[in-house]
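Working notes, structure below.
The values are calculated or read from the model by the stated rules, or taken from the named source; none is laboratory data. Bear in mind that the values here come from a model prediction, so they are computed numbers and not experimental data. A quick note on method: Cβ atoms are made from the backbone with ideal geometry, for glycine too, and the neighbour counts reach across all protein chains shown. Each accessible area value is taken on the protein alone, full model and side chains, heavy atoms only, with ligands, DNA and RNA left out. Shrake-Rupley method; radii C 1.70, N 1.55, O 1.52, S 1.80 Å.
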Amino acid sequence: MRAARLIRLVLLLQNRRAMTAAELAAELEVSRRTVVRDVAALSEAGVPVYADRGRAGGYRLIGGYRTRLTGLGRDEAEALFLSGVPSALRDLGLADAASAAELKVLAALDPHLGDARRSVAQRFHLDAPGWWQEPTAPQLLPRLADAVWDDRRVTVRYRRRDTTVLRTLEPYGLVLKAGVWYLAARVPAPDTEPPGEGAFRVYRVDRLVSVVAEEERFGREEGFELPAFWARRASAFARSLLREEVVVRLTESGAQRLRYVHSDRTAADEALAAGERTERGGRNVVTVTLPVESLDVAFGELFTLGPEVEVLAPDALRERFAEAARRMAALYTDVRRAGP
């Protein structure tokens, strides 16, 4: 394990020129103290690692040193063949390029690793679209992907509700989420205003009516990371949907199942963690304040818990559950009436 970590450390410095101990620790998932020990071990082994002192210091390789430890092992080769989602590559118009890259990788592998591609294909398959969806790619996606690759501004027409709006955007990246493609883009700020993340927007690609790439290229903001940006926006979007609150009392079984019926598992877990636990009728129960998208959505989600949940507030939702319970009781009062 340590040998593999030392190789990764050298390759990181080789590819990124210089990195701080904190950055290396994060990449290698170890402590800073471990990084310091690993660097010392590399220096003793003759690898010219130099440490810059001071606040802006870090580690770097001296004199353009490059390691030849670039051969792929079996697990690395299999991970490489697993890394692409075939449907996403096809949607982006990169299927041919990906196929050519795979052939080059296969040609570069040791002969005894030639079956890595087949081995992975037999064991893993990545299917990005969600259930009950026809996996169709937006027609304008390849054109938009070209603009993302080239850092070219685009002028788009975007369908929003019953209107179509015109926007000039700087396309930073594309994200495939549950079979739906999204564009992360920045709306160019006026020259008098400093650019910032507040100017970033997210657009569904299938709502774009037209895409025209401009000749002008834009400069990317230093430090922009698409995965981190998407994680923040996705979390904020999910929370923005939870506009109302309900108060419910759950049995132990209901509490265990809540995260599987609620649309936001994190919100459900946080509500349970903050809940008030008591005993009622000889059973342990927990009373929670649960954020929900709407009372209609809350009814549909919580109703699946049956007698394991009691709605305490608001009164309108409690009455709706009471009415549903009365109707259910009427259906099942006389078991002899079962059947057509």
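May I ask you to verify whether Pro142 is at pLDDT below 70 and surrounded by 12 or more Cβ atoms within 10 Å (Cβ to Cβ)?
No: the conditions fail for Pro142.
Kindly provide the set of residues from the stretch 320-334 that are under 21 Å from Glu301 (Cα atoms) and without any contact (Cβ under 8 Å) to a residue 12 or more places away in the chain, ordered by number.
Within the stretch 320-334, Ala322, Glu323, Ala325, Arg326, Arg327, Met328, Ala329 qualify.
So which pairs qualify, if the first residue must be in the stretch 29-52 and of a type outside the set (S, T, N, Q), the second must be modelled with pLDDT under 85 and assigned to a loop (DSSP other than H, G, I, E, B), the Cβ gap must be under 6 Å, and the two must be at least 6 apart or on different chains?
Matching pairs, first to second residue: Pro48/Tyr65.
So, of the residues in the stretch 281-340 that are farther than 21 Å from Glu252 by Cα and of a type in the set (S, T, N, Q), which turns out to be modelled with the highest pLDDT?
My answer is Ser294.
Mind listing just one residue for me: the one in the stretch 198-212 that is open to solvent by 40 Å² or more (accessible area, probe 1.4 Å), aliphatic (A, V, I, L, M) and more than 11 Å from Arg143 (Cα to Cα) and, of those, modelled with the highest pLDDT?
Here the residue is Val209.
Within the stretch 2-54, which residues are modelled with pLDDT of 85 or more, within 23 Å of Gly223 (Cα to Cα) and either part of a strand (DSSP E or B) or among the acidic types (Asp, Glu) (or both)?
Met19, Glu23, Glu27, Glu29
Any residue in the stretch 170-183 that's within 17 Å of Pro86 (Cβ to Cβ) and free of Cβ contacts under 8 Å to residues at least 60 places away in the same chain: show its pairings with residues that are open to solvent by 10 Å² or more (accessible area, probe 1.4 Å) and part of a loop (DSSP other than H, G, I, E, B) at Cβ separation under 7 Å, as long as the two are six or more apart or on different chains.
Sorted first by the residue in the stretch 170-183, then by its partner, the pairs are Ala178/Gly130; Gly179/Ala128; Gly179/Pro129; Gly179/Gly130; Gly179/Gln133; Gly179/Pro135.
Of all residues in the stretch 18-57 being exposed (fewer than 11 other Cβ atoms within 10 Å of the Cβ) and under 32 Å from the mean Cα position of the chain (by Cα), which is farthest from Arg5 (Cα to Cα)?
Among residues in the stretch 18-57 that are exposed (fewer than 11 other Cβ atoms within 10 Å of the Cβ) and under 32 Å from the mean Cα position of the chain (by Cα), the one farthest from Arg5 (Cα to Cα) is Ala56.
From the list Ala255, Ala238, which residue is open to solvent by less than 50 Å² (accessible area, probe 1.4 Å) and modelled with pLDDT under 85?
Only one candidate qualifies: Ala238.
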